[in-house]
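Enquirer: Take this structure first; my questions come after.
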């Protein structure tokens, strides 16, 4: 029962799709959007308050060094950081306050730049980060990972070079959200389920955005009638890329070593040692036996949520806003996209000059290419660019930031290289599907 009850709750919250007015989503999504509907007008104020406290707390911790922060493990983890990240938090607080009060130039706080990040992105993430922090332990700490891992190990290990337990991350990403899958991967790496290389592969290859968000994106670009073909194309593209990326640089340069604070070692493979259904159930029950009690679970979940709020949200505010400003107010992405125009013409993509800038916009934020291609007349071009924006997977406003600030050993340069490699691999695959559908 200690295995079944929490794990069943975790499955219901994160892994079973339900119908909703926003399309198919998981229960955690329904709960999150219900909360959003109730307190949506207050969320921007809460977000700005959090990032302002994050900046003020880090400044106080750095320059005044008060004992109440340095003697508290939680407060130290929230506010004790480097000068660079303190600067990021201060800039984030300034951007948040200016956007909320509509102070300064409109190109900074308008609904296509800072306003979009604060009111549409961070307000949603504020709720979902809280729910993920509170309820992820039901999914991870009571044996479900061991059970699923035992069955998927024989497929995922030889084909994608990742352990079977990553099936939970993949399913949570597809049905919940890519950020949730990334958070799970980081937690599992720290707990000793993955090596550094495996965690990097999973986070950069399988943190695919949810079905529900794909529905939103497809509706936004006017391709709702193509959704089954669209989603099939995205999944096939990501699975094909996942065959290649773990076998090339930069992922092959990451060592197969476990997190230094975990208890795992390379010579132990529990899925090989305990095969079959009985072995899987035994592993699950043994994990549940040492799972946290309710008080510890809630405390741990709240600490996780606070860590995400105070550490990640300021970074997302800065990176996403800067990305939006560069994309909307400058010609930088037009210059970057110029060399892509002949490639798109060679691939037979209509309106290539309009589509080219969107090819690289996804690195800043996944929604930027979608906003650009919504203005394109050709359905085929809208299909290709929108599917590409999903398959690129690594966008710095969410997943990229989460990876960089986690213990997963991927830096900015490696993430940029992975984004470019994914783009090069995904584009011709998606074009092949599109030509079949539209020509």
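Enquirer: With each pseudo-label sitting 7 Å past Cα toward Cβ, what's the residue 413-residue 256 distance in nm, one decimal?
Expert: The two pseudo-label positions are separated by 2.6 nm.
Enquirer: In Å, what is the Rg of the alpha-carbon atoms in the stretch 52-151, and how long is Dmax?
Expert: Final numbers for Rg and Dmax: 18.5, 56 Å.
Enquirer: To the nearest µm²/s, what D does Stokes-Einstein give for the stretch 90-129 at 4 °C and 1.567 mPa s, using the Kirkwood radius over alpha carbon pairs as Rh?
Expert: Values: Rh = 10.1 Å.
The Stokes-Einstein estimate is 128 µm²/s.
Enquirer: Would you kindly compute the Cα radius of gyration of the chain and its largest Cα-Cα separation (Dmax), both in Å?
Expert: 21.6, 68
Enquirer: How far, in nm, would the chain grow between residue 124 and residue 40 when pulled straight, counting 0.36 nm per residue and subtracting the alpha carbon separation? Before the final figure, lay out each step's value.
Expert: Values: separation 84, 0.36 × 84 = 30.24 nm, distance 0.88 nm.
Full extension of this stretch gives 29.4 nm more.
Enquirer: Ignoring solvent entirely, what values of log10 I(q)/I(0) come out of the Debye formula for the stretch 372-439 at 0.18, 0.22 Å⁻¹ when each Cα is a single scatterer?
Expert: -0.72, -0.90
Enquirer: At a Förster distance of 30 Å, what's the computed FRET efficiency of residue 235 paired with residue 106, Cβ-Cβ distance as r, to 0.05? Walk me through the numbers on the way to the answer.
Expert: Numbers: r = 40 Å, r/R0 = 1.32.
Once the sixth-power term is evaluated, E becomes 0.15.
Enquirer: For residue 60 and residue 424, what is the calculated FRET efficiency with R₀ set at 51 Å and r taken between the beta-carbons, to the nearest 0.05? Before the final figure, lay out the partial values.
Expert: Numbers: r = 46 Å, r/R0 = 0.90.
After rounding to 0.05, the efficiency reads 0.65.
Enquirer: Then there is this: Which Rg and Dmax, in Å, describe the Cα atoms of the stretch 298-337?
Expert: 16.1, 49
Enquirer: Using alpha-carbon pairs under 8 Å, 6+ residues apart, how would you state the relative contact order of the chain in percent?
Expert: Numbers: 660 pairs, mean separation 85.7, N = 439.
Taking the mean separation of contacting Cα pairs over the length of the chain, I get 20 percent.
Enquirer: Related question: Going by how many other beta carbons lie within 10 Å of each one, how would you line up 225, 259, 70, fewest first?
Expert: Values: 225 10, 259 21, 70 13.
By the 10 Å Cβ count, ascending: 225, 70, 259.
Enquirer: Rounded to the nearest 0.05, what FRET efficiency do residue 346 and residue 243 give with R0 = 25 Å and r taken as the Cβ-Cβ distance? Could you check?
Expert: Details: r = 25 Å, r/R0 = 1.00.
Efficiency computed from Cβ-Cβ geometry: 0.50.
Enquirer: Then there is this: Under the 0.36 nm per residue contour assumption, what length would be gained going from the current alpha-carbon distance of residue 295 and residue 219 to full extension? Write out the running numbers ahead of the final one.
Expert: Working: separation 76, 0.36 × 76 = 27.36 nm, distance 4.24 nm.
Difference between extended and current length: 23.1 nm.
Enquirer: Take the eigenvalues of the Cα gyration tensor for the stretch 319-438, scale each by 5, and report the square roots as semi-axes in whole Å, largest first. Could you put the intermediate results ahead of the total?
Expert: Numbers: eigenvalues 118, 52, 28 Å².
So the three semi-axes of the stretch 319-438 are 24, 16, 12 Å.
Where a number appears in this text, it was derived from the coordinates with a stated rule and is not lab data. Remember, predicted model here, so these are calculated numbers, not experimental data. Don't worry about glycine lacking a Cβ; one is built from the backbone with ideal geometry, like all the others, and counts go over all protein chains shown.
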